[in-house]
Amino acid sequence: MVTTNNGLNRSGYVWGKNYSLDQISDMPVPEATMSYQPVRQTLLFNNWSSAMQAAGYSITSEEHWATNNRDVFLSKITISAPWLPSGLGFRWQAALINSYNRQVAIKTAMGAEVFVCTNGCLSAEYLMKTKHTSNVFNRIDDFVSMSVRTVDFRAKAIYNQFMVYTQTDAGSDKQVDHVVCEAYRKGIIPASGIGQVLDHWRNPEHAEFKPRNVWSLYNAFTSYDRGRSVFERSHRTNRLHSILNREFALGGETPQEATNSLS
């Protein structure tokens, strides 16, 4: 069964550099056992990208990352299609997560990267996962198919959340301070990040983030995350959405909550 999950990873993996797909293909895969079936990252990526293109999506760029131990992988893919919502200055991205160490399930994520700050922040507002158990190859096709079929729905859920942010005043400095401190308490940022997020909020680098709304506050967090591990950045986003929805009384569901029923 394909399931959803709010976290990409909480294990603190150290990432090396990004690699070509051929280099990823050459990395050794452990032997299968009765209970564990490793899936090559290249197989996962090729199946997913072929299904996406067959459904009419374009893949405009790709990056392939691995941990220093070369046992956890993340393929970060920029996608486009005429029917995907647009207008807030970001590109749509997906990620494929996989491992050869029995600790990280196969996952696919959907998120957005804001053009203006080019922070490389895959926000991963929605995730699906499946485990490397003995019948995983019987589930891969369904996993890929579900991921592709729900891209449009997931994108709309994310876009709707962002539109609400642009239309919501961020309130007083005291309220913003409280949100940033709450993000620290929930493990979204470390203590050292509190001042840096507030600096991005008070002195935005780009005109697009000067309006004092929740969209600008959200991007103070993504600007803080610029340059940090692709894998480490992603799992915190849904907790941030939950805080923003609660603290600004936005109601409704986060993108993850809105699409959990799809699995």
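The values are calculated or read from the model by the stated rules, or taken from the named source; none is laboratory data. The shown structure was predicted, so the numbers you read here are calculated from the model rather than taken from an experiment. Cβ coordinates were reconstructed from backbone atoms using ideal geometry, including for glycine residues, and neighbour counts include every protein chain displayed. When the accessible area is computed, the model is the full protein with side chains, heavy atoms only, and any ligands, DNA or RNA have been set aside. Shrake-Rupley method; radii C 1.70, N 1.55, O 1.52, S 1.80 Å.
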- Links that overshoot a 32 Å alpha carbon limit, given the list K129/K186; K156/K186; K107/K210: K107/K210
- Amide H neighbours of N213 under 5 Å, at least 5 residues apart or on other chains, H built in the peptide plane: list them. A170
- Got a sec? What order do H132, H206 fall in by accessible area at 1.4 Å, biggest, i.e. largest, first? H206, H132
- Message: Given segment 18-118, report the % of alpha carbon pairs whose separation exceeds 25 Å.
- Response: 26 percent
- Task: Provide the net charge surrounding T166, with neighbours chosen by a C-beta distance below 15 Å and charges set as Lys +1, Arg +1, Asp -1, Glu -1.
- Result: 0
- Task: May I ask you to evaluate 6.51 cos²θ - 1.76 cosθ + 1.60, the Karplus curve with θ = phi - 60°, for each residue of segment 97-109 and list the ³J(HN,Hα) values in order in whole Hz, giving x for glycine and proline?
- Result: 10, 7, 8, 10, 10, 6, 9, 10, 6, 6, 9, 10, 10
- Query: For S86 and A32 in the same chain, what is the full-extension length gain: residue separation times 0.36 nm, less their Cα-Cα distance, in nm?
  - Reply: 15.1 nm
- Theoretical FRET efficiency, 1/(1+(r/R0)^6), r = Cβ-Cβ of Q103 and S172, R0 30 Å, to 0.05: 0.10
- Task: Straight distance only, please: which lysines reach the Cα of K17 with their own Cα at less than 20 Å, same-chain residues fewer than 8 apart left out?
- Result: K76
- Message: Sorting check: for 62-75, 192-205, which peptide has the highest mean count of neighbouring beta carbons within 10 Å, and how do the rest follow?
- Response: 62-75, 192-205
